[in-house]
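The values are calculated or read from the model by the stated rules, or taken from the named source; none is laboratory data. All values derive from a computational prediction rather than experimental measurement. Cβ coordinates were reconstructed from backbone atoms using ideal geometry, including for glycine residues, and neighbour counts include every protein chain displayed.
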Amino acid sequence: MLEITHLHYAYPDGHVAIDDASLALRRGEKVALVGPNGAGKSTLMLTLNGVLSPPPGTVRVGGLEVAPPNLPTIRARVGLVFQNPDDQLFSPTVRDDVAFGPLHMNLPAREVEARVTRALAAVGMSAYADRLSHHLSVGEKKRIAIATVLSMDPEILVFDEPTAGLDPRGRRQLIDLLARLPQTMLVSSHDMRFVATAFTRVIVVDRGRIVADGPTAEVMANESFLVAHGLERG
Amino acid sequence: MHVHALDRFEARDSALHRSDPRLKIVLTLAVALSNAALPDGSWLAMGCMQALLVLAALAGGLRPWYAVVRSAVALPFMLAATTVAFVTPGVPVAQIALGPWVLTPTVEGLERLASIVLRALLSVQVAILLTATTRVPDLLHALGHLGVPSALVSVVGLMVRYLTVLVDEAQRLMRGTQSRSAAGPDGTGGSVFWRARVAGSMVGQLFLRSYERSERVHQAMLARGMDGRHLTLYGHVVRRRDHALAIIAIVGLIAVHIIARAIPIR
């Protein structure tokens, strides 16, 4: 479903964010991406739908290469949920925001409406369609942010720190929601307890390199390895 | 931050709330233009206009003096007009000595000043009624449908959306400084120059944070397929009651102007 082969990414100032990363996700698989701050997790996620351009031939989504001519299709396939929902909810009303993606996919108005209704129902926020985004709580914003990409019917969902800033109840609701959604998922997180309970496979990144990729229980069992890479068991 | 503090919308279910936002915007502009065209000293016409606005407030389910009271925020801006009281030639009313200068307000000058202030307050009131009876998203969509360039509409929309976020950010910065600005044993908290520098770098911080946020918002837009077009789901429909509102408003404005020109009161 998602295939990254020898991805190397350096920012214009020369800082190498990702160094020779390779990984593959099967359809329906839910994988956690962990690593200390600045390890390159966010950069990796931004290359998945071409917001940052990966070198040619290194990133493929459902067999399609992430390259300029394919970007509209890729962006419909890969739903990116940003860490701060205030960055993702830029429209005046919730409905506007959830409709933003489908409208740009040139879908007919009726189909857009149907998708908005479906996406809001999927995150349990149907009553919020006409609310103003800046009147919502962080937990509500987070779920609406997920609806804004669900409305595009993506095959892969990519989350950057989904549990950051949530209170225990919001966190619980979000974990349940992620477990319910059928899409393939790549989720970056520092919340090791969340990683341990919600994912069977974990990828550890440090200084731009993938240093581990395997069953969560196995990776978590090696405490000295985790500490060496700025992590700890949840 | 109290997110509702910046919202001027009054949630009601009134005739005015249900009217088409495009019509309300056009009528607001029409009223403002009509006010600007009222001659100086047409007090009766201005009174009639005020009466119409009070009726409009009632039609919007608001208190009759809702807009009148709120229009006072515009008064400081009218200070700029005070000079007309002194520079308009006419019958002097008094002589005010102000240091080396002597100011002589004239009857004509005061009349003109009062007219300017009243006209402005009337126009501010209609804008207040517009924002009290129309939600911001509806205003934005209506502006788009009225042919206002989409870039401009987007800028206004993003400003409204991020104003509270920015205010939050600024308050966090301010709390951060305040909680570390303890007074020294001599009771002072640094020189004025030093404080000004702190304030300056806070403004810089705020700019940088907003700039970085704008990058992230842009990335979020790109990630959802943004290609520069301004697309919306909302279609506005003009209904019969909108025609009625338009006719009432236009008849009212014409009547005000007939009164202004037929019955001048001096």
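Structural remarks
- Some residue of region A:5-24 being touching a strand residue (DSSP E or B) at 6+ places or on another chain (Cβ under 9 Å), within 23 Å of A:N106 (Cα to Cα) and small (G, A, S): no
- Selection within region A:65-79: residues that are facing another protein chain (nearest Cβ under 8 Å) and surrounded by fewer than 24 Cβ atoms within 10 Å (Cβ to Cβ). The member of this set that is farthest from B:G228 (Cα to Cα) is A:A76.
- Pair list, Cβ under 7 Å, 6 or more apart: region A:138-165 residue more than 25 Å from A:V112 (Cβ to Cβ), other residue of a type in the set (A, V, I, L, M, F, W, C) and in a strand (DSSP E or B): A:D160/A:V81; A:P162/A:V81; A:P162/A:V187
- The one condition in (1) outside any loop (DSSP other than H, G, I, E, B); (2) facing chain B (nearest Cβ under 8 Å) that A:F90 fails to fulfil: (1)
- So B:L166, is it under 21 Å from the mean Cα position of the chain (by Cα), touching a residue at least 24 places away in the same chain (Cβ under 8 Å) and in the same structural domain as B:L33 (by TED's automatic domain parsing): no
- Identification of strands (runs of 3 or more DSSP E) wholly contained in region A:119-234 with 1 or more residues that are exposed (fewer than 15 other Cβ atoms within 10 Å of the Cβ) yields A:209-215.
- With respect to (1) surrounded by 14 or more Cβ atoms within 10 Å (Cβ to Cβ); (2) free of Cβ contacts under 8 Å to residues at least 40 places away in the same chain; (3) more than 14 Å from chain A (Cβ to nearest Cβ), the lone exception for B:V124 is condition (2).
- Exactly one residue out of B:V102, B:V155, B:V160, B:V167 is of a type in the set (V, I, T), farther than 30 Å from B:C48 by Cβ and not in a helix (DSSP H, G or I), and it is B:V102.
- Top-ranked residue in region A:11-61 [being without any contact (Cβ under 8 Å) to a residue 40 or more places away in the chain and more than 27 Å from A:L231 (Cα to Cα); ranked as surrounded by the most Cβ atoms within 10 Å (Cβ to Cβ)]: A:G50
- Selection from region B:24-82 of residues that are on the phi > 0 side of the Ramachandran plot and either at pLDDT 90 or above or assigned to a helix (DSSP H, G or I) (or both): B:G61
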